[in-house]
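The values are calculated or read from the model by the stated rules, or taken from the named source; none is laboratory data. Note that the structure is predicted; figures quoted are calculated from it, not measured. Virtual Cβ from ideal backbone geometry, glycine too; neighbours counted across all protein chains shown. Please note that ligands, DNA and RNA were not included when accessible areas were found on the heavy atoms of the full protein model with its side chains. Shrake-Rupley method; radii C 1.70, N 1.55, O 1.52, S 1.80 Å.
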Amino acid sequence: GFVVKPDGTKVSKSDKEYVTAMQEVNRHGADLLRLFVCSLDFQGDMPASPQAIREFGDKYRKIRNTLRYLLSNLYDYDPSRAPQSVNDVPLDSLDGWVLAELDALVRDTRAAYEQYQLHRAFKLLHEFCTVQISAIYGNAMKDRLYCDAPDSPLRRRCQFVMHRMALALTKLLAPMCVFTADEAWEHVARVGDEADLPSVHLARLPETSGREIADEQRLRWTRLMELRDAALKELDRLKKEVGLNKALDAEVVFHVESAETARWLRSYGVDLADMVGAGWHSIVEDADPKGPAVVVQVIDRRNDYPACARSWKRRPDVGQDADYPDLSLRDAAAVRTRRQVGG
């Protein structure tokens, strides 16, 4: 196709929408312009203008900031000292869900590159950064990354997952964001054959984990995301009706109709609260057998539970540790651990 104005009409050198490559490189850097071109489907007419490139900068910065977020949470993680396998990550967890999503990203992005569909590769990578990482996984993991004890199993497992994502994203972005990927490569820890590679452009594209996921497990993940959406709608309602300012002030209650459903949900543990940013969660076996298997309720707990002075979560166990009366049991244990090791 031809390069055209944003309205689809022909562009000439005298038009203000005319794009001069070096001018745009000087304004925004080569990676942004390169990524903008890669995002366009070259099989049809390609709308472009200096303003369109400037506005596209938000999408580039989303990808770059996602890499920064992942790397910033790996400051105390050494993969050589804490070797883990994908198979060590339970499937009934947000960690297991996002690793499966990462496998799909690797598979689909590699296929897009092989078919020279750069616009599809860009869309897959941008959506993964925006949805799977920023909106869901990264938002859910903030509490354990910042408030769990440094060596807690949940925190280290999350760092293992984030390290795997950072490596995969850096490699998948390398053909399009040449300099950004090389910069990220300098800051992500590597082991094995890649440890001494000076540039990401000497590394191979990532492979999928090879982990087989049963259809039943995928249905559970789908159901979990539906429950998350229902809880978020309830949170929005409370914010409008009673002025609930923070999700940390709320409790998510899952009303289930059977012990089997309750066991499935309990396997996710604290993920059930963290996936919506709530302070606490509970599971009650009192749902109508003739109705949905799970009904989500969100309750304002500002008048019922005290807020932890460290994590700001409203939990019924705040004050149960005599040494730390203003903390939850989790946070009291984390503070005790840090003081024991001099942290």
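Key figures
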{"read-out": "Alpha carbon convex hull of the range 1-154, projected area averaged over orientations, nm²", "value": "11.6"}
{"read-out": "Whole-percent carbon and sulfur share, accessible surface of the chain, 1.4 Å", "value": "50"}
{"read-out": "At 1.306 mPa s and 10 °C, Stokes D of the range 212-338 from Kirkwood alpha-carbon radius, µm² per second", "value": "101"}
{"read-out": "R0 of 41 Å, Cβ-Cβ distance TYR69-GLU285: FRET efficiency to nearest 0.05", "value": "0.60"}
{"read-out": "Volume in Å³ per residue [convex hull over Cα atoms, computed for the range 272-341]", "value": "114"}
{"read-out": "Accessible solvent surface per residue of the chain, calculated while the other protein chains remain in place, 1.4 angstrom probe, Å²", "value": "52"}
{"read-out": "Per DSSP, loop trypsin sites (Lys or Arg not before Pro) in the range 195-295 with at most 13 further Cβ within 10 Å", "value": "ARG204, LYS290"}
{"read-out": "Once the Cα gyration tensor of the range 128-274 is diagonalised, semi-axes √(5λ) in Å", "value": "35, 19, 15"}
{"read-out": "Tilt relative to the chain, helix 118-127 - C-alpha long axis, 0 to 90 degrees, to 10", "value": "20"}
{"read-out": "For the range 236-301, diffusion coefficient by Stokes-Einstein and Kirkwood Rh (Cα), 20 °C, 1.002 mPa s, µm²/s", "value": "174"}
{"read-out": "Length-normalised contact order for the range 186-343 - Cα pairs under 8 Å, 6+ apart - percent", "value": "18"}
{"read-out": "Residue of ASP193, ASP41, ASP321 that the Gaussian network model of the chain assigns the largest fluctuation, springs spanning Cα pairs under 10 Å", "value": "ASP193"}
{"read-out": "Using alpha-carbon coordinates, inclination of helix 138-147 to the longest axis of the chain, degrees", "value": "50"}
{"read-out": "Residue of ASP58, ASP196, ASP151 that the Gaussian network model of the chain assigns the largest fluctuation, springs spanning Cα pairs under 10 Å", "value": "ASP196"}
{"read-out": "In Å, descending, principal axis extents of the Cα set of the range 78-122", "value": "38, 26, 14"}
{"read-out": "Sequence-distant residues sharing a close amide H with VAL4 (under 5 Å, placed H)", "value": "MET46, ALA48"}
{"read-out": "Projected area, mean over directions - the range 10-65, Cα convex hull, nm²", "value": "4.0"}
{"read-out": "Helix-only [θ]222 nm of the chain, DSSP H runs n ≥ 4, -39500 (n - 2.57) each, per residue, nearest 500", "value": "-15000 deg cm²/dmol"}
{"read-out": "For LEU244, distant residues with modelled amide H under 5 Å away", "value": "LYS239"}
{"read-out": "Overall Cα dimensions of the range 48-120, principal axis frame, Å, largest first", "value": "48, 31, 23"}
{"read-out": "Listed candidates [x] 52, 18, 17; [y] 41, 25, 21; [z] 82, 20, 14 - label of the one calculated as semi-axes √(5λ) of the Cα gyration tensor in Å", "value": "[y]"}
{"read-out": "For ILE283, residues with placed amide H under 5 Å, excluding near neighbours", "value": "PHE254"}
{"read-out": "Convex hull projection area averaged over all views, the range 66-212, Cα basis, nm²", "value": "8.4"}
{"read-out": "Rounded to whole Hz, the Karplus (6.51, -1.76, 1.60) HN-Hα couplings of the range 179-191, x for glycine and proline", "value": "6, 4, 5, 5, 5, 5, 4, 5, 10, 9, 5, 9, 10"}
{"read-out": "The chain, dipole about Cα centre (Lys/Arg Cβ +1, Asp/Glu Cβ -1), debye to the nearest 20", "value": "820"}
{"read-out": "Restraint check, LYS142/LYS240; LYS142/LYS246; LYS62/LYS142; LYS239/LYS313; LYS246/LYS313, Cα-Cα greater than 21 Å", "value": "LYS142/LYS240"}
{"read-out": "20 Å tail of the calculated P(r), the range 117-185, as % of Cα pairs", "value": "39"}
{"read-out": "Cβ-Cβ FRET estimate between ASP76 and ALA195, R0 fixed at 22 Å, reported to 0.05", "value": "0.75"}
